[in-house]
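S.K.: The structure follows.
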Amino acid sequence: SGAARGRDAETVAAFLGRALPRGTGGTALAVRGGRLLYCGGFGAADRAAGRPASCDTSYDIMSLTKQFTAAAVLKLELLGRLRVSDPISRFLGPVPADKRGITVEHLLTHTSGLPESLGDDYAPLTRGQLIRKALASGLDSRPGKEFHYSNTGYSLLAAIIEEASGEDYEPFLVRHLFAPAGMKHTGYLQARRPRELIAVEYDSRGRSKGRPFDHPWAADGPYWNLRGNGGMLSTAPDLFAWHRALTGDRILPAAARARLLAPRVRVPDSDDSYGYGWNVRDTPEGPLTWHDGGNGWSLALLARAPRDGTMVFWVTNHVQRKGSWDLEERAGAVTEGLLERARDGNS
């Protein structure tokens, strides 16, 4: 899965060479109708070791984690363990009066009013502490009223998945999503591979920030400010497998997949609506479902056009160089360029 493939690949590689600044590193993938058109690395996965990025490099995919959490919730609904209309109090015990109206669906669609986060990604917060802090926090708006992107809400979903399933969050996802989809290198502990296969992250001055698990982690993955909303490791081939699984019935039947991607709430100041763990945008080529993730060092973006089976993913382990370039500003253009080339098959 590492090599670029024939003529198809050249145009994507040439485009990336033009669109990306020298000095960044990462991996890009382009797929059309179940066919892999391109998968390759650019720049370095680990500068100190002189190790180039490849198709198979593992990265922190950050907020792309949310789509797995959302799919796990729908899986639990199919298993009869919860309903998205359930109030969170069904799983999290007594909740304060201002939060009694919050439902599982409000968490999925970022309409709970809960804050964006409860502090640093790597703060050593246990599940119990996360739940207590979230329930004690002030709301940005009344439940169900407004869209406020909330990592905290998705961490609460991870806790609800554990309560409803009687299993830990990652093992549940491995059993019901990742294993059936054929994803062997996605997750927290399941994603542990030899260190050299996992990308080092770099800050805006080009200094190494290490690998995701070089930061404070609990024994079974990141602490709860990240769990459920971010911090998962994955690879381009695994995300291709995820795309294929979402194209068929392997992990969710058609009706549940349609619910996952249905636009439910407008995202302010954008052309997007939010579904369950996905942004949804109307385009001339039909709906585009996408999500990005960022932590200040890395940036990841996955986009799918269900109508023609086009899917692109790209990730960088060095998103900005102070005073020089910032890939967050180019993210839309890079994604569009990849989608265009994937759509043309070998333009």
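S.K.: Out of residues 5 or more away from Met62 or on other chains, whose amide H comes under 5 Å of its own, with H placed 1.01 Å from N in the peptide plane?
M.R.: The answer is Gly231, Met232.
S.K.: Ok, one more. So what J values fall out for the range 178-188 if you push phi through Karplus, 6.51 cos²θ - 1.76 cosθ + 1.60 with θ = phi - 60°, rounded to Hz, Gly and Pro as x?
M.R.: After applying 6.51 cos²θ - 1.76 cosθ + 1.60, I find 5, 4, x, 7, x, 9, 9, 10, 10, x, 9 Hz.
S.K.: Whose amide H sits under 5 Å from the amide H of Trp217, counting only residues 5 or more places off or on another chain, with H placed in the peptide plane?
M.R.: Sorted by chain and number, the residues that satisfy this come to none at all.
S.K.: Quick one: among Arg250, Arg205, Arg264, which has the greatest mean-square fluctuation in a GNM of the chain with alpha-carbon springs under 10 angstrom?
M.R.: Arg205
S.K.: Which whole-Hz ³J(HN,Hα) couplings does the range 155-170 yield from phi under the Karplus relation 6.51 cos²θ - 1.76 cosθ + 1.60, θ = phi - 60°, glycine and proline marked x?
M.R.: Going residue by residue, I get 5, 4, 4, 4, 5, 5, 4, 5, 5, 6, 9, x, 10, 5, 4, 5 Hz, with x marking Gly and Pro.
S.K.: Given the options Leu125, Leu156, Leu78, state which has the largest fluctuation in a GNM of the chain using a 10 Å cut-off (strictly under) for Cα springs.
M.R.: Sorting by GNM fluctuation, first place goes to Leu78.
S.K.: Between rounded, prolate and oblate, where does the range 189-304 land on the alpha carbon gyration tensor, with a ≥ b ≥ c its root eigenvalues, rounded for a/c under 1.5, else prolate if a/b exceeds b/c?
M.R.: Working: a/c = 2.09, a/b = 1.58, b/c = 1.32.
Since a/c reaches 1.5 and a/b is larger than b/c, the shape of the range 189-304 is classed as prolate.
S.K.: Looking only at the range 285-299, which residues have a backbone nitrogen under 20 Å from a spot 7 Å from the Cα of Arg266 in the C-beta direction?
M.R.: 287-290
S.K.: Once R0 is set to 35 Å, what does the formula 1/(1 + (r/R0)^6) return for the Cβ-Cβ distance between Arg22 and Arg83, expressed as a FRET efficiency to the nearest 0.05?
M.R.: That pair, Arg22 with Arg83, gives E of 0.10.
S.K.: Now, a different point. Between Ala13 and Ala49, what is the label-point separation in nm under the 7 Å Cα-to-beta-carbon projection?
M.R.: 2.3
S.K.: Would the range 251-347 count as rounded, prolate or oblate if I go by the C-alpha gyration tensor, calling it rounded below 1.5 in a/c and otherwise prolate when a/b exceeds b/c, oblate otherwise?
M.R.: prolate
S.K.: Still on this structure, I have one more. Just to be sure I understand, if you calculate percent of Cα pairs over 32 Å apart for this structure, which of [x] 44; [y] 26; [z] 36 do you get?
M.R.: The value computed from this structure is option [y].
S.K.: Compute the accessible area per residue over the range 12-344, keeping the other protein chains in place, probe 1.4 Å, unit Å².
M.R.: 38
S.K.: Once the dipole of the chain is set up with Lys and Arg at +1 and Asp and Glu at -1 on Cβ about the Cα centre, which of Ser204, Gln67, Ala45 lies farthest towards its positive end?
M.R.: So the residue we want is Ala45.
S.K.: Turning to a different aspect of this structure: Keeping the other protein chains in place, figure out the carbon and sulfur percent of the accessible area of the range 82-237, with a 1.4 Å probe.
M.R.: Result for the range 82-237: 49 percent of the exposed heavy-atom area is carbon or sulfur.
S.K.: Let me know the charge dipole size of the chain about its Cα centre in debye, to the nearest 20, where only the beta-carbon of Lys, Arg (+1) and Asp, Glu (-1) is charged. Mind showing how you got there, number by number?
M.R.: Working: 44 positive and 39 negative charges, 88 e Å.
Approximately 420 debye in magnitude.
S.K.: Let me ask another. Using amide H atoms built 1.01 Å from N in the peptide plane, name the residues 5+ places from Tyr38, or on other chains, whose amide H lies under 5 Å from its own.
M.R.: Ala30
S.K.: Build a GNM of the chain with springs between Cα atoms under 10 Å: which of Gly231, Gly309, Gly25 gets the top mean-square fluctuation?
M.R.: Of Gly231, Gly309, Gly25, the Gaussian network model singles out Gly309 as fluctuating most.
The values are calculated or read from the model by the stated rules, or taken from the named source; none is laboratory data. Predicted model, so just to flag it, every value in this text is computed and none were measured. Counting neighbours? That spans all protein chains shown, and the Cβs are built from the backbone with ideal geometry, glycine included. Side chains included, ligands, DNA and RNA excluded: accessible areas come from the protein's heavy atoms. Shrake-Rupley method; radii C 1.70, N 1.55, O 1.52, S 1.80 Å.
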